[in-house]
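Heads up, the thing below is written out as structure tokens.
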Amino acid sequence: MIWYPYEQMKTMKEPIKIVDAKGVYLYAELPDEDSVAEGHSSLQRDTPRCKRTVPTIDAVSSWWCQIHGYCNPEITEAIKAQADNFSHVMLGGLTHDPVQRLSKKLAEWLPGDLNYCFFSDSGSVAVEVALKMALQYYVNIGQKHRIKIMSLTHSYHGDTFKTMEAGDDEDYHFILEVYGENPNVIHVPTTIPELEEAFEKHHEDIYCFIVEPLLQGAGGMRMYDISYLRRARELCDQYGVLLIFDEVATGFGRTGYRFVADEVLPDIIVLGKALTGGHIGHAATVANQKVYDAFYSDDADKALMHGPTFMGNALACVAALKSIELFEKNDYMSKIHHITEIFHEEMDGFSHEAIKEVRMMGGCLCIEVKDPASLKGYQEYALRRGVFARPFLSYLYTMPPYIIEDDDLRTILRCMKEWFQIP
Ligand SMILES: *Cc1c(COP(=O)(O)O)cnc(C)c1O
């Protein structure tokens with residue numbers, strides 16, 4: 001029995017069974033016509049009929065990671081070739097060519113002196129590593145009083161315990177019920193005066209300011225201005241606080257910047273999701289020289305004591321290398337800018353009384369509605385139009401694969417608009 005994510009198992013809908021996935025299309029084994037028609041009689045009639053296996057455009061890139069679409073032939077080939085050699089060896093006392101090449105590539109590719117790559121198997125773990133690294137940084141330099149994290153309201157940093165605490169996701173507020181508010185986490189809104197005030201008040205106690213830069217994903221596709229991050233960088237410098245960018249979602253072009261770190265340089269950057277082009281789970285916590293130097297010592301106690309079993313997995317590393325190669329070779333940044341243009345073409349001026357706001361940035365577009373009830377039934381509606389979507393709470397959004405063709409992108413966006421125009 002599979003225990004599905006974020007679901008009440010008792011009431012969850014039957015999951016859609018995917019039998020094939022290529023490019024932007026999921027090939028879903030949809031229920032046959034009769035069972036669909038029963039549930040949704042009025043909408044069913046004037047829409048294309050569901051066949052048993054139909055291509056469905058994935059509007060959300062499988063939780064935002066499939067930037068090249070599914071089953072990219074070159075990434076698949078790289079994985080196959082490496083699997084013939086070996087799939088995995090641990091990094092405990094061992095190393096190998098794919099992980100060496102990936103760390104070198106990331107060091108070159110990432111801005112500034114973000115050069116020291118610690119690999120792990122998921123974004124949550126990579127955030128844990130970043131937090132642990134930041135805390136120990138201060139221990140190593142003799143500032144043990146810094147024990148608090150500063151993070152953003154509505155932030156999401158993963159599902160493990162420390163990342164839940166650093167985050168501010170309503171779904172996790174049950175931990176507040178049992179533990180009470182954690183005095184070691186300070187949440188600040190994305191407004192500069194409040195940020196300045198929080199730094200003034202807490203700067204002696206905090207060991208990091210961690211943010212999802214520019215775009216807060218799971219917290220509701222909230223977007224804020226780069227000037228906030230520039231000010232955060234200044235304040236971190238002024239007060240000697242480490243700045244961590246959790247770019248698990250925003251990295252690899254999603255905001256319209258390759259990395260937000262290209263604009264404002266953090267001390268530690270966390271990468272995940274699209275790192276391997278979405279083909280295998282992997283993540284990286286990349287530190288700058290200053291952080292690394294605080295660990296580099298003759299003193300064994302100053303070492304970073306962490307080591308996920310599957311860190312630096314060879315299949316993941318070759319997938320990531322190929323993904324980055326494709327990103328550069330095929331000028332993905334211009335693809336992303338083109339996606340933004342189409343967002344504007346389709347959505348500028350679009351409004352409806354049920355809608356609170358339409359916002360867009362890079363390869364992300366979100367319609368926030370006033371009442372979550374107005375999104376009820378959207379997923380089924382979209383499926384019948386050949387689009388897979390997964391709205392949550394008040395947010396109907398798309399983060400398409402970057403390789404999406406204009407027609408398919410317009411199909412996604414028109415589906416979103418037409419939903420509000422149903423009488
Ligand atoms: C998805 C996500 C994570 C967690 O990554 P997992 O691989 O799901 O553990 C962390 N931070 C941000 C910003 C994310 O979007």
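The values are calculated or read from the model by the stated rules, or taken from the named source; none is laboratory data. Everything quoted here is computed from the prediction, not taken from an experiment. Virtual Cβ from ideal backbone geometry, glycine too; neighbours counted across all protein chains shown. Heavy atoms of the whole protein, side chains included, go into the accessibility calculation; ligands, DNA and RNA do not. Shrake-Rupley method; radii C 1.70, N 1.55, O 1.52, S 1.80 Å.
In the chain, the longest principal axis of the Cα atoms and the axis of helix 73-85 are about 50 degrees apart. Think of region 96-160 as having a plus end and a minus end, set by charges on the Cβ of Lys, Arg, Asp and Glu; of VAL127, LEU152, VAL99, LEU152 sits farthest toward the positive end of this dipole. Taken over region 73-329, the alpha-carbon convex hull comes to 129 cubic angstrom per residue. Got the relative contact order for region 363-423 handy, in percent, Cα pairs under 8 Å and 6 or more residues apart? Once normalised by length, the contact order is 38 percent. Taking Cα atoms only, the orientation of helix 226-239 departs from the longest principal axis of the chain by about 20 degrees. The residues of the chain expose, per residue, 46 Å² of accessible area to a 1.4 Å probe. Applied to region 119-135, the Karplus parametrisation 6.51 cos²θ - 1.76 cosθ + 1.60 on θ = phi - 60° returns per-residue 3J(HN,Hα) values of 9, 8, 8, 8, x, 4, 5, 5, 5, 3, 4, 4, 5, 5, 4, 5, 4 Hz, with x for Gly and Pro.
Rounded to the nearest 5, what % of DSSP beta bridges with both residues in the chain are antiparallel?
Values: 33 of 50 bridges.
Approximately 65 percent, going by the DSSP bridge assignments.
Using a cut-off of 22 Å between Cα atoms, the listed pairs LYS22/LYS105; LYS273/LYS335; LYS17/LYS370; LYS201/LYS356; LYS104/LYS144; LYS273/LYS417 include LYS22/LYS105; LYS17/LYS370; LYS201/LYS356; LYS104/LYS144; LYS273/LYS417 as exceeding that distance. Highest-first packing order for the peptide set 72-85, 344-357, 401-414, 4-17 is 401-414, 72-85, 344-357, 4-17, based on the mean count of other beta carbon atoms within 10 Å.
Whole Å is fine, so just give me how far the alpha carbon centre of region 302-329 lies from that of region 106-130. Each part reduced to its Cα centre gives a spacing of 9 Å.
Output the relative contact order of the chain, whole-number percent, from Cα pairs under 8 angstrom with separation of 6+ residues.
22
When a/c reaches 1.5 or more, the comparison of a/b and b/c decides; with that in mind, is region 309-352 rounded, prolate or oblate per its Cα gyration tensor? Here region 309-352 falls in the oblate category. Answer with one residue from LEU315, LEU396, ASN182: the one whose Cα lies farthest towards the positive end of the charge dipole of the chain, charges on Cβ with Lys, Arg +1 and Asp, Glu -1. Of the candidates, LEU315 comes out farthest on the positive side. Net charge dipole, the chain: roughly 620 debye, given to the nearest 20, about the Cα centre with Cβ charges of +1 for Lys and Arg and -1 for Asp and Glu.
Rounded to the nearest 10 degrees, the angle from helix 332-347 to the longest Cα principal axis of the chain is 50 degrees.
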